[in-house]
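> Encoded as structure tokens, here's the structure I'll be asking about.
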Amino acid sequence: MIERWALISGLKGDLDTYELIQKDLKKTPGNITLFVLGDMIGPEKNCNKLLHRLINPKSNDLQPWCIYGWWEEQILLESGYRGNQRAEALRINKGEEVVKSLINAVDKSFLDWIAALQFGFVELDCGLIHGSSKDVGDDLTLDTPPLTLLDRLTRLQVNRLFTARSTQQFHLELTEGILNSEVHDLTGNHKKEQKVPQKAVIGVGAGKNYTLYDVGTDNTQFVRAGYQSEKKKNGFGLHF
Amino acid sequence: MNQAVISCLHANLPAVEAVLKDIELQGITNITCLGDLVGYGPQPNEVIELIKEKKIATCQGCWDEDVVDGLDACDCSYPSQIAERRGHFAHQWTTEKLTKENKDFLANLPYSIRKDECLFVHGSPNSQHEYLLPDMDAFAALERVENAKAEILFCGHTHQPYIRELANGSISVKVKNSGSKDIQKKEMNLPMRRIVNAGSVGEPRHGGTKATYVVYNDITNDVKIREVEYDIELTCKAIINAGLPPIFAWRLKNGFEFAERAEDASHFCER
């Protein structure tokens with residue numbers, strides 16, 4: 001049986017989209033593991049029904065494996081789960097009303113569950129995380145310098161990094177990296193040539209846009225819930 | 001023109017005086033200090049007063065930050081609970097001894113100093129607590145310099161002096177996004193950059209007993225590691241008389257201090 005991961009993020013309380021994705025995944029061949037890479041909550045709509053469903057899946061639901069995202073971090077900050085810190089970045093960028101909307105969108109009874117979520121998963125040689133190994137708000141995109149991407153991969157010691165913060169879907173592969181390092185210290189000179197094995201950073205999308213990853217073949221397939229996958233047969237990035 | 005870079009003075013007044021004398025004998029007047037004026041050693045106020053008197057440009061080290069903020073050093077830098085207890089004791093002792101004026105001085109030190117293409121920091125551009133060890137992943141090391149928009153990064157914190165040149169790098173990037181069927185490929189040449197670690201004046205961890213610092217010539221780009229002898233006995237006696245852990249004196253006298261050395265070159269403090 002083919003093993004696949006479904007990677008979703010940015011639902012922001014949208015239970016309808018979550019149900020649509022669950023419906024999609026039931027039709028998708030293979031043994032599927034569902035990862036929710038954060039931003040289950042947001043300020044736009046009431047998130048309680050979605051949170052309840054994630055915590056208490058229906059009998060025919062794929063079990064979701066959730067980590068926390070940027071919006072979860074904001075509500076934890078504002079609710080006193082991070083010591084004296086508050087969601088000041090959110091307050092400054094979006095205003096007091098958005099902070100209030102976020103607090104009102106999530107019942108307090110869910111906060112302990114959110115606070116217990118992990119920062120990320122490391123599965124096989126893959127890191128699954130909302131932002132990056134540096135920060136939950138780290139916004140990795142196609143335009144992020146390769147050295148920065150390599151740093152984020154190195155910190156987690158993984159070859160694939162699945163990230164959600166940017167909300168974009170992309171597959172960026174780093175290959176044939178080489179760098180000469182020469183260290184001079186009190187014991188003399190030490191030269192080393194370092195090579196980078198094939199590594200990749202994958203943006204999984206947000207909301208209805210999600211990603212399927214074929215663990216056996218390393219193929220990435222970008223999908224929009226309710227629609228046929230963009231390249232159903234082969235998947236995108238077949239040769240990556 | 002030659003300039004000297006010193007780091008990790010750690011309240012060791014005889015070592016600081018000897019290094020400043022060595023710098024003076026070379027006719028160097030441009031000195032930059034990478035922090036950790038205090039901690040471990042017995043003369044924190046005296047060392048700060050000397051740095052102030054000489055008007056040496058200084059950035060804040062991890063001990064300077066922790067003493068000011070009332071924090072103990074993050075336990076990630078200690079390999080054992082005994083080492084951690086010693087560190088915490090030294091923090092408490094230093095906090096009690098420092099004058100208010102000197103605490104204010106430490107509190108107002110900048111995190112980094114930039115001079116043309118050179119950036120001066122204590123640990124790394126990311127954090128005063130991050131160790132840039134000489135065997136750190138080369139690409140990650142290059143990222144630290146490049147993202148800081150510097151050509152030469154001067155750091156301390158590890159107490160091991162070294163000069164690391166990262167050169168002749170390249171990488172291929174293949175990109176595919178959901179909006180396109182094409183795969184874009186591009187080759188990128190990576191810039192040549194250097195990391196210079198100034199070692200430690202007051203608590204060397206390079207396997208010898210001498211204080212270390214570096215001299216950088218900004219015309220020839222040449223960097224030299226200097227080793228300076230100082231009166232170790234004097235510092236050791238002051239450590240014992242101050243009631244600080246005797247192991248602080250023992251390791252200075254014996255010239256090795258592996259007990260509290262961070263082993264993980266890519267470690268990043270999460271505090």
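> If you restrict to DSSP beta bridges whose two residues both lie in the protein assembly as shown, what percentage is antiparallel, to the nearest 5?
Here the antiparallel bridges make up roughly 70 percent for the protein assembly as shown.
> In the structure displayed, which of A:K199/B:K186; A:K208/B:K174; A:K134/B:K176; B:K115/B:K149; A:K100/A:K134; A:K134/B:K174 lie more than 19 Å apart, Cα to Cα?
A:K208/B:K174; A:K134/B:K176; A:K100/A:K134; A:K134/B:K174
> Quick one: if you stick a label point 7 Å off each Cα along the C-beta vector at B:N189 and B:D135, how many nm between them?
3.2 nm
> About its Cα centre, what dipole magnitude does chain B give when the only charges are +1 on Lys and Arg Cβ and -1 on Asp and Glu Cβ, stated in debye to the nearest 20?
Using Cβ point charges on Lys, Arg, Asp and Glu, chain B gives about 580 debye.
> Please give the FRET efficiency for B:K55 paired with B:D116, using the beta carbon to beta carbon distance and R0 = 25 Å, rounded to the nearest 0.05.
0.80
> Given 37 °C and 0.692 mPa s, compute D for the protein assembly as shown with the Stokes-Einstein relation, Rh being the Kirkwood radius over Cα pairs; round to the nearest whole µm²/s.
My calculation gives 130 µm²/s for D.
> Determine the equivalent ellipsoid of region B:100-143 by diagonalising the alpha-carbon gyration tensor, then write out the semi-axes as square roots of 5 times the eigenvalues, largest first, rounded to whole Å. Could you put the intermediate results ahead of the total?
Details: eigenvalues 137, 37, 8 Å².
Equivalent ellipsoid semi-axes, largest first: 26, 14, 6 Å.
> How high is the relative contact order of region A:3-224? Use alpha-carbon pairs under 8 Å, at least six apart in sequence, and give a whole percent. Before the final figure, lay out the partial values.
On the way: 443 pairs, mean separation 48.6, N = 222.
Once normalised by length, the contact order is 22 percent.
> In bins 10 Å wide, starting from 0, what share of all Cα pairs of chain A does each bin hold, as a percent?
With a bin width of 10 Å, the distribution comes to 7, 30, 32, 19, 8, 3, 0.
> While we're looking at this one, here's another question. Taking amide H atoms as placed 1.01 Å from N in the peptide plane, list the residues 5 or more away in sequence, or in a different chain, whose amide H sits under 5 Å from that of A:L161.
Long-range HN contacts for A:L161: A:G127, A:A200, A:V201, A:I202.
> Taking only DSSP H segments of four or more residues, each worth -39500 (n - 2.57), what value at 222 nm results for chain B once the sum is divided by all its residues, to the nearest 500 deg cm²/dmol?
-9500 deg cm²/dmol
> First measure r as the distance between the Cβ atoms of A:W113 and B:Q92, then evaluate 1/(1 + (r/R0)^6) with R0 = 41 Å and state the FRET efficiency to the nearest 0.05. Mind showing how you got there, number by number?
Values: r = 39 Å, r/R0 = 0.94.
The value I calculate is 0.60.
> Based on the Cβ-Cβ distance from A:H52 to A:D143, what FRET efficiency comes out when R0 is 35 Å, to the nearest 0.05?
After rounding, the FRET efficiency stands at 0.40.
> Now for a different question. In debye, nearest 20, what is the charge dipole magnitude of region A:3-224 about its Cα centre with +1 on Lys and Arg Cβ and -1 on Asp and Glu Cβ, if you could check?
That gives region A:3-224 a dipole magnitude of about 440 debye.
> Just to check I understand the Karplus step: with θ = phi - 60° and J = 6.51 cos²θ - 1.76 cosθ + 1.60, what whole-Hz values come out for region A:30-36, glycine and proline as x?
Taking θ as phi minus 60°, the curve returns x, 8, 9, 10, 9, 10, 10 Hz for region A:30-36.
> Sum -39500 (n - 2.57) across every DSSP H segment of at least 4 residues in chain A, then divide by the residue count to get the 222 nm mean residue ellipticity, nearest 500. Walk me through the numbers on the way to the answer.
On the way: 7 runs with 63 residues, N = 240.
Per the formula, -7500 deg cm²/dmol.
Only the coordinates and a few stated rules stand behind these numbers; no lab work does. Please read these numbers as outputs of a predicted model, since none were measured by experiment. Neighbour counts run over all protein chains shown; Cβ positions are idealised from the backbone, glycine included.
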